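Right, one structure below, let's go through it.
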């Protein structure tokens, strides 16, 4: 698929390197942004972008649309969550790159951040899209930086371990540490939750390994055996 904003993003990154500081390009119409100091902008623009996932093919098995007598599906009723989940299911493979751009091989957090804007979150000086993802804040485009930012924003999200997955809701964020190194390697948006006597199964959508209903358990046992998974229970 064409990535029309990629060249523009690279050009912006080169310009920043040459000048040491640059203004923030215009934002998409639906976004707003707070004041950003030159130091904050410079740090965001020069933050390294590393692949957020390694080349493992996700499971192609899609869960059935309806729950059985023994399995209950969570249903979103909050219009904000409905809009968010509908967005990721619309653009998980057909990227909305004309509006948001694409971080090649590293787009999972850019995609998750887009969904949060659709959900109604407002951008500020610590989390923002800078007109293209390469000039956006690190928290907008890095799984680890997003974790660090959310840790300082308990008003927005509460961290949950995998043993607390029964508290996860549709639209929440899921993050993975594939190699248990202490960082975060991949981020997705929860799109399906199945509850049964056997426990809770969580499925998510994401970019990089493009998926709409990727199974968390498959991701941490078959695709990345022994990996760790974490969740962010979103407050709004």
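General observations
- Among the numbered conditions (1) under 16 Å from the mean Cα position of the chain (by Cα); (2) within 25 Å of residue 95 (Cβ to Cβ); (3) not in a loop (DSSP other than H, G, I, E, B), the only one that residue 218 does not meet is (1).
- Identity of the residue in the range 143-184, part of a helix (DSSP H, G or I), in contact with a helix residue (DSSP H, G or I) (Cβ under 7 Å, 6 or more places away or on another chain) and in contact (Cβ under 8 Å) with a residue 60 or more places away in the chain, that ends up nearest to residue 124 (Cα to Cα): 145
- Of residues in the range 185-200 being touching a residue at least 40 places away in the same chain (Cβ under 8 Å) and over 12 Å from the mean Cα position of the chain (by Cα), the one farthest from residue 111 (Cα to Cα): 197
- Filter result for residue 205 (surrounded by 15 or more Cβ atoms within 10 Å (Cβ to Cβ), at pLDDT 95 or above, closer than 19 Å to residue 115 by Cα and out of contact with any strand residue (DSSP E or B) (no Cβ under 7 Å at 6 or more places or on another chain)): no
- Single residue of the range 154-164 satisfying the filter (under 20 Å from residue 182 (Cα atoms) and in contact with a strand residue (DSSP E or B) (Cβ under 9 Å, 6 or more places away or on another chain)) that is surrounded by the fewest Cβ atoms within 10 Å (Cβ to Cβ): 161
- Top-ranked residue in the range 221-236 [being within 12 Å of residue 178 (Cα to Cα) and touching a helix residue (DSSP H, G or I) at 6+ places or on another chain (Cβ under 8 Å); ranked as surrounded by the most Cβ atoms within 10 Å (Cβ to Cβ)]: 229
The values are calculated or read from the model by the stated rules, or taken from the named source; none is laboratory data. This one's a predicted model, so the numbers in the text were calculated from it and none came from an experiment. Cβ atoms come from the backbone with ideal geometry, glycine included; neighbour counts cover every protein chain shown.
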